[in-house]
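Q: Before I ask anything, let me first share the structure, which is written out below as structure tokens.
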Amino acid sequence: MTGLEITKARVNSSWISLAVSGEIDLATVDQLEKEVKATLDDDSGNLAVDLTSADFMDSTGLRALVMADRSFRDSGRKFALVITNGPISRLIELSGIESTMTVVSSPAELDGAE
């Protein structure tokens, strides 16, 4: 089992990034949810979860991202995923959440993200 590492950084004046590496699964999803909630609670802007270095994500991770998107939208803020090709992008594609959630391939795209 691989652990989960999350690095928080400001992308620009509007966006915060949580760069995730490792595996998002039942054993680690609480860590992701805690970081998302902390960002939501501190009212520091919009949130992008960068999954470009994530190795694996199961349905618990997918659920956490959907709930995060809902929480940010409910607070009047934006939420996005940063994903490149790979197993995570395949899961996102199969789930269909890319039709309801902002998905970009690079944090540089966040300036125009709706």
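Q: Considering only segment 81-94, I want to know if a residue exists there that is under 23 Å from S14 (Cα atoms), of a type in the set (D, E, K, R) and not in a strand (DSSP E or B). Explain how you work it out, then say what you get.
A: Restricting attention to segment 81-94, the residues satisfying the condition of being under 23 Å from S14 (Cα atoms) are 81-84.
Of the ones still in play, those that are also of a type in the set (D, E, K, R) are none.
No - not one qualifying residue is present in segment 81-94.
Q: Next up: If S89 satisfies every condition in (1) without any contact (Cβ under 8 Å) to a residue 12 or more places away in the chain; (2) farther than 20 Å from E5 by Cα but one, which is the exception?
A: Going through the list (1) without any contact (Cβ under 8 Å) to a residue 12 or more places away in the chain; (2) farther than 20 Å from E5 by Cα, S89 breaks only (2).
Q: Please tell me if E5 is surrounded by fewer than 18 Cβ atoms within 10 Å (Cβ to Cβ) and in a helix (DSSP H, G or I). Reasoning before the result, please.
A: Numbers: surrounded by fewer than 18 Cβ atoms within 10 Å (Cβ to Cβ): yes; in a helix (DSSP H, G or I): no.
Taking the combined requirement at face value, the residue does not satisfy it.
Q: So which pairs qualify, if the first residue must be in segment 1-23 and under 17 Å from T60 (Cα atoms), the second must be among the hydroxyl-bearing types (S, T, Y) and surrounded by 13 or more Cβ atoms within 10 Å (Cβ to Cβ), the Cβ gap must be under 6 Å, and the two must be at least 6 apart or on different chains?
A: L4/T28; E5/S21; S21/S53; G22/T2; E23/T2
Q: Next question, about the same structure. Can you name the number of the only condition in (1) outside any strand (DSSP E or B); (2) touching a residue at least 24 places away in the same chain (Cβ under 8 Å); (3) touching a Phe, Trp or Tyr at 6+ places or on another chain (Cβ under 8 Å) that R73 fails?
A: (2)
Q: When you look at T84, is it of a type in the set (S, T, Y) and crowded, with 20+ Cβ neighbours inside 10 Å, yes or no?
A: On the way: of a type in the set (S, T, Y): yes; crowded, with 20+ Cβ neighbours inside 10 Å: no.
No; evaluated as a whole, the condition is false for this residue.
Q: Among the residues of segment 15-29, which ones are under 8 Å from A54 (Cα atoms) and not in a strand (DSSP E or B)? If you could, list the steps in order and put the result at the bottom.
A: Restricting attention to segment 15-29, the residues satisfying the condition of being under 8 Å from A54 (Cα atoms) are 20-24.
If the condition is that a residue be under 8 Å from A54 (Cα atoms) and not in a strand (DSSP E or B), then no residue fits.
Q: Just name the residue that is nearest to S106 (Cα to Cα) out of those in segment 42-53 that are at pLDDT below 95 and not hydroxyl-bearing (S, T, Y).
A: G45
Q: Every residue in segment 26-48 that is out of contact with any strand residue (DSSP E or B) (no Cβ under 6 Å at 6 or more places or on another chain) and either under 14 Å from A80 (Cα atoms) or surrounded by fewer than 17 Cβ atoms within 10 Å (Cβ to Cβ) (or both), please.
A: Answer for segment 26-48, where residues must be out of contact with any strand residue (DSSP E or B) (no Cβ under 6 Å at 6 or more places or on another chain) and either under 14 Å from A80 (Cα atoms) or surrounded by fewer than 17 Cβ atoms within 10 Å (Cβ to Cβ) (or both): L26, A27, D30, K34, V36, K37, A38, L40, D41, D42, D43.
Q: What's the total number of residues in segment 34-63 that are farther than 22 Å from L94 by Cβ and not in a loop (DSSP other than H, G, I, E, B)? Give the steps one after another, and end with the answer.
A: Let us first name the residues in segment 34-63 that are farther than 22 Å from L94 by Cβ, namely 34-47.
Of the ones still in play, those that are also not in a loop (DSSP other than H, G, I, E, B) are 34-41, 46-47.
Total satisfying the criteria: 10.
The values are calculated or read from the model by the stated rules, or taken from the named source; none is laboratory data. These figures come from a predicted structure and were not determined experimentally. Heads up, the Cβs are rebuilt from the backbone with ideal geometry, glycines too, and the neighbour counts pull from every protein chain shown.
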